[in-house]
Amino acid sequence: QVQVVESGGGLVQAGGSLRLSCAASGSFFRISSMGWYRQTPGEQRVWVAAIITGGTTNYADSVKGRFTISRENAKNTVYLEMHSLKPEDTGVYYCTVIADGTRYWGKGTLVTVSS
C-alpha cells in the first residue's frame, strides 16, 4: 500500500506564491510518475502538472510559465511552486502518484487565492 500526503496549501492574495509538497511512502518498488490535479466545488478534477521518471515535466496551458513541478527522488517527494497566482487557481490540489503501475491519490490541500 502507498500513502500520499500533501501539504503547503493556504490563503494567498492574487499575484502571490505558494509551494505545495507531496510525499509518497509505503511499500512499492518504483514510482514512474508524480503530479498534481485541481478540483473546485461542482467541477471535475483537472490535471495541472506532472513529472515522470527522467525528469520530463508537463503543464496545463493555464499554468505554464507560472507553476514549476519538481521531484526529489530520494525522498519520493514532489513539489509544485506556484507563482503569479490568480483567483482561478483556487481549489483543492490533489497529488497523484503512479507506483508499480497503480495510481494513488492524496486527500488534497486547499489553495485559496483572493482577488
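The values are calculated or read from the model by the stated rules, or taken from the named source; none is laboratory data. None of these values were measured; they are calculated from a predicted model. Don't worry about glycine lacking a Cβ; one is built from the backbone with ideal geometry, like all the others, and counts go over all protein chains shown. To get the accessible areas, we keep the full protein, side chains included, count just its heavy atoms, and leave off ligands, DNA and RNA. Shrake-Rupley method; radii C 1.70, N 1.55, O 1.52, S 1.80 Å.
Details
- Most to least accessible of Asp100, Asp61, Asp89 (protein chains only, probe 1.4 Å): Asp61, Asp100, Asp89
- Extended-chain gain in nm, criterion 0.36 nm per residue less alpha-carbon gap, Ser25 and Lys86: 18.8 nm
- Simple spin-label estimate for Lys75 and Ser115 gives 3.6 nm between the two label positions (7 Å along the Cα-to-Cβ direction from each Cα).
- Calculated FRET efficiency for the pair Thr68/Arg103, C-beta based, R₀ 25 Å, to 0.05: 0.65
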